[in-house]
Amino acid sequence: FGEYILKFFGITLNAFKIAGGLLLVLIALDMVRGHQKSKIHEKDIKHAEDVDEIALMPLATPLLAGPGSITACMVAMAGAEGFNKFLVLLAIGLCIIITYITLLFAEKIIEKIGKLGIRIFTRMMGFLLLAIAVQMIISGLKGSLF
């Protein structure tokens, strides 16, 4: 339905690419600099740990299903034709499965790679996300200006 939402508001796909790219730049810069902070108050996290409900706290939800993810999905679907739309949906499904497995084994992964490994991996993925964001902005500018 993303295409219809954009048309309703009169937003071009190129403008959406630029806006989404800028949003991803902000997220990526936080990842690269290691300045990520939870939106949940510390006392809420402590309370969740006390009552053994930490799995119910949406710590990663903004990155997993936030505006950046939505933008990426909408841009991918808008640029896909015919069978490629199915491939985009398949890729989204695969990402969901990989994310589920990763979260399922998160404690074991953390034990294996440690906090330093997580910091390094986060910064590497932040840099990759930054490159994707810049490419989205470039694509949006090319489509708008040329």
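The values are calculated or read from the model by the stated rules, or taken from the named source; none is laboratory data. The model shown is predicted, which means the values in this text are computed figures rather than measured ones. Here the Cβ positions follow ideal geometry from the backbone for every residue, glycine too, while neighbour counts run over all protein chains shown. Calculation scope for accessible area: heavy atoms of the full protein, side chains included, ligands and nucleic acids excluded. Shrake-Rupley method; radii C 1.70, N 1.55, O 1.52, S 1.80 Å.
Within the stretch 64-90, can you find the residues that are surrounded by 13 or more Cβ atoms within 10 Å (Cβ to Cβ) and small (Gly, Ala, Ser)? Selection gives Ala65, Gly66, Gly68, Ser69, Ala72, Ala76, Ala78, Gly79, Ala80.
Considering only the stretch 14-115, give the helices (runs of 4 or more DSSP H) lying wholly within it that have at least 2 residues that are at pLDDT 90 or above and charged (D, E, K, R). Step through it out loud before you land on a result.
Numbers: elements: 42-50, 61-65, 67-79, 83-104.
The helices (runs of 4 or more DSSP H) meeting that bar number zero.
Assigned to a helix (DSSP H, G or I) and more than 30 Å from Ile11 (Cα to Cα), is that true of Ile132? Spelling it out, it is not the case that Ile132 is assigned to a helix (DSSP H, G or I) and more than 30 Å from Ile11 (Cα to Cα).
In the stretch 137-146, how many are part of a helix (DSSP H, G or I) and either surrounded by fewer than 14 Cβ atoms within 10 Å (Cβ to Cβ) or within 14 Å of the chain's Cα centre (by Cα) (or both)?
Step one: list which residues in the stretch 137-146 are part of a helix (DSSP H, G or I), which gives 137-145.
After this cut, where a residue has to be either surrounded by fewer than 14 Cβ atoms within 10 Å (Cβ to Cβ) or within 14 Å of the chain's Cα centre (by Cα) (or both) as well, the list is 138, 142, 144-145.
Of the residues in that region, 4 qualify.
So is Leu129 open to solvent by 70 Å² or more (accessible area, probe 1.4 Å) and either under 18 Å from Leu64 (Cβ atoms) or of a type outside the set (S, T, N, Q) (or both) or not? When the stated conditions are applied, Leu129 does not pass them.
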